Each structure stands twice: as structure tokens, then as C-alpha cells.
1. Suppose only helical runs count, i.e. DSSP H with n ≥ 4. What mean residue ellipticity at 222 nm does that imply for chain B under -39500 (n - 2.57) per run, divided by all residues and rounded to the nearest 500 deg cm²/dmol?
2. Please tell me the relative contact order of the range B:67-158 in percent, rounded to the nearest whole number, where contacts are Cα pairs under 8 Å and at least six residues apart.
3. Let a ≥ b ≥ c be the square roots of the eigenvalues of the Cα gyration tensor of the range B:68-158; is it rounded (a/c under 1.5), or, if not, prolate (a/b larger than b/c) or oblate?
4. With the convex hull built on the Cα atoms of the protein assembly as shown, state its orientation-averaged projected area in nm².
5. Straight-line reach from A:K24: which lysines have a Cα under 27 Å away, not including same-chain ones fewer than 8 places off?
6. Of A:T18, B:T50, how do they rank once you tally other Cβ atoms within 10 Å and put the fewest first?
7. Any idea what diffusion coefficient chain B gets from Stokes-Einstein, in µm²/s, Kirkwood Rh on alpha carbon pairs, 10 °C, 1.306 mPa s?
Amino acid sequence: MLAHRRAAGYNSSVSSITPSIQVKVLFFGRLKEVAGGAEELVELTPGSRIEELFATFVARRPELARYRGSLVASRNQEFAAWSTPLQPGDEIAFLPPVSGG
Amino acid sequence: MSTPPSSDLILLVRNVIDADALINHVRTGVDGAIVTFDGCVRNQSHGRPTLYLDYEAYESMALAKMREIAAEVHAKFPIDRVAIAHRLGRLEIGETSVFIAVSAPHRAAAFDACRYAIDTLKRSVPIWKKEYFEDGAVWADGELPPVPQDTQSRKRAS
């Protein structure tokens, strides 16, 4: 279920010596269908922000780009701004407009 | 956000919501009023007949947000207890998807708190419903929750 992937910008010759952080990424609702999965582990360069994490998914699934303006992100179960820096072990989720109730 | 009193009841369930159990949970001797909200599955959406709904949640965050709502209504209104249950999975027409019960010494606070709780839940709890029709299914239109802007950069600057 989980796939290890490198963020855009890495190549194999530097990944072994460049420090990286790993975060868990979750997609819900229609985003889960567009992203092609519900959960994934992603490696990024330290200091990366939520915006850059989302961009790595857009690079693989260009149709995600049109959802950028109509979704919110969360970091460790709290809504988070796109500029939020990522920490190792973070759980990041991309959430479409909520429709509970 | 402060933790709601342990006397509150916050649930995500996959079977029928037991409304009587929620009502009895909030009923104590100090209360003069219990107000409830029963959100149920409608048989149409924008005039299109609905067959059934399927709800999914970001469960850990949904529970955290529902607890926050309970804490907020305690802070805002002079109430006694809150019970909030949301059901997930497939729901048929007429079934209860969300049930809220609020008890208070006096009715005005119970009405206000119950209204605040359901309005806030619909805006900020990460739950999604998919509507199934004769000829297909769509994710329901929803609301985009308010997000703190650049909280992290402010924290870093301080």
C-alpha cells in the first residue's frame, strides 16, 4: 500500500548523501481518486513546505493542479497554511471541501 | 483548545446511531432542557433522486475537530453536556447521519449551542459524502474549512 518515492529534484547520485525527511501523505474524497491512492510515504529535502509537497504530486498527476484552489491541507490533524514547513514524521493530508452532517 | 469535559460523548460510528443513548447521556438532574439535532439522508439532491449516500472521514482528525466543537460550545454557552455522533459508510434514505444532543439548565443556551455545534461541524470536520444516483455518483459540494494563514512563519519569527 505504501510506496517510497523521491521528491522532484533528487537524483540517485545525491540521494544517498543528501539528508531527507519523510512524511506521510493522505488524500480524501475526490482527491483520493484523482491522486490515485489514499496514502503514501514521501521523501523531501529538509525545509520543504506543504506547497512543495503538493507540487511533487502535481508533477506526477497534472490533473491535481486544478484542485489546488479548492482544497485545504492539514499537518498532524490541524488545518495548516500552504507555507507550513514540514518536519520528519509529519502526517499531511489534502482535504477537499467538507460535506459531513 | 481546551479539552472538553469527560462527561461529553464524541463518536464516529458505522452502525445505526442510538439517539436515545445520546439523549440519556446528556440528561442530568441540573438540566431543564435538552435540544437535539437529527441530520438525516434526504431522498433527492438538487431535484435528482438519491439512492443512498456513502460517508468517509479522516477519522483521527474528525474526532479531534468534534472534540474541539464540544469544547467551544462549553466556552460560549452556559450548557451542561454535549453528545455528538456521526455515522460513516453507506446510509439509506431517512437514516440519521449525524446526531447532536445538548443539555442545559435553561433552553435558550441549549438551542444556541446545538445550532452552533451542527453549523461548525458542517464547516470544519473532515467528513465527505458521496451521493449515489440511478446513473452515477458524485462527491457532494462542500465547504472549505477556514485555515490559519502563515501561523508557522509567525511562530518562527517570534
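All of the numbers you see were taken from the coordinates with simple rules; none came from a lab. If you're wondering where the values come from, they're calculated on a predicted model, not measured in any experiment. Cβ sites come from the backbone with ideal geometry, for glycine too, and all protein chains shown count toward neighbours.
1. It lands at -10000 deg cm²/dmol.
2. Computed over the range B:67-158, the figure is 21 percent.
3. Note, shape of the range B:68-158 comes out oblate.
4. Directional mean of the projected Cα hull area for the protein assembly as shown stands at 16.4 nm².
5. In chain and number order, the partners are A:K32, B:K65, B:K122, B:K129, B:K130, B:K155.
6. Fewest-to-most ranking of A:T18, B:T50: A:T18, B:T50.
7. Using the Kirkwood radius from Cα pairs, D works out to 95 µm²/s.
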